[in-house]
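Structure first, then comments.
The values are calculated or read from the model by the stated rules, or taken from the named source; none is laboratory data. Quick caveat: nothing in here was measured; it's all calculated off a predicted structure. Methodologically, a virtual Cβ is constructed for each residue, glycine included, from the backbone with ideal geometry; neighbour enumeration extends over all protein chains shown. Accessible surface is based on the protein model in full, side chains and every heavy atom, while ligands, DNA and RNA are left aside. Shrake-Rupley method; radii C 1.70, N 1.55, O 1.52, S 1.80 Å.
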Amino acid sequence: MIAVDIADAELSERLLASLSDVPGLRVAQRGEPADVAVVPADTLPAADADAALTRREVEVLALMAEGASNKAIARRLGISVHTAKFHVGSLLDKLDATGRTDAVAQAVRQGVIHL
C-alpha cells in the first residue's frame, strides 16, 4: 500500500491517477498506514554521506573505547600522533559528540562498536 502526501493538489491527483493503473497496488486513504509514502523531497532529512565511518575510524573508535590516548592510538595503529588526532576529531564531528567519552557512547548506541 502506498500513501501520497503532497500539498500540490494537481500534482497529487495526477500521481494518484497514475498509480491507480498499477496492478496490485493500493493507495492508502489520508491517515491510513502505508508501506511506502510519497512526500516532497524538502521534508526528508538531508543524506549525510560524510557521516559514514571509515574502517580506520572504527579502529580508532575501538581504541578510544579502551581509553587509549592519541599517542597510544598512533603507536598501536602505526600512524603519527597528528593523524590519530585528526581521526579523533573526525569521529567527534561525525558522531556529533562533545568529547571522546560521548563519541564512544554515541557509537555504542548506534551499534558501531560493542563494549
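Observations on the model:
- Estimated FRET transfer efficiency when R0 is 41 angstrom, pair V108-I2 (beta carbons, to 0.05): 0.70
- Approximate spin-label separation D21-A37, in nm, with each point projected 7 Å along Cα-to-Cβ: 2.8
- Share of alpha-carbon pairs per 5 Å distance bin for the stretch 54-115, given as whole %: 4, 22, 36, 25, 11, 2
- On a per residue basis, the chain carries 69 Å² of accessible surface, using protein heavy atoms and a 1.4 Å probe.
- Against the chain, whose longest principal axis comes from its Cα atoms, helix 100-109 is set at around 40 degrees.
- For the stretch 19-25, backbone phi angles converted through the Karplus equation (6.51, -1.76, 1.60; θ = phi - 60°) give residue-by-residue couplings of 6, 5, 8, 7, x, x, 9 Hz, Gly and Pro being listed as x.
- Most tightly packed first, judged by the mean number of other beta-carbon atoms within 10 Å of their residues, the peptides 1-13, 76-88, 56-68 read 56-68, 76-88, 1-13.
- Descending semi-axes in Å of the chain, equivalent ellipsoid built from Cα gyration tensor: 48, 14, 12
- Computed in the context of the full set of protein chains, the accessible area of the chain at 1.4 Å probe radius has 55% of its extent on carbon or sulfur.
- Here the Karplus relation 6.51 cos²θ - 1.76 cosθ + 1.60, evaluated at θ = phi - 60°, turns the backbone of the stretch 93-98 into coupling constants of 5, 5, 8, 6, 9, 8 Hz, with x for every Gly and Pro.
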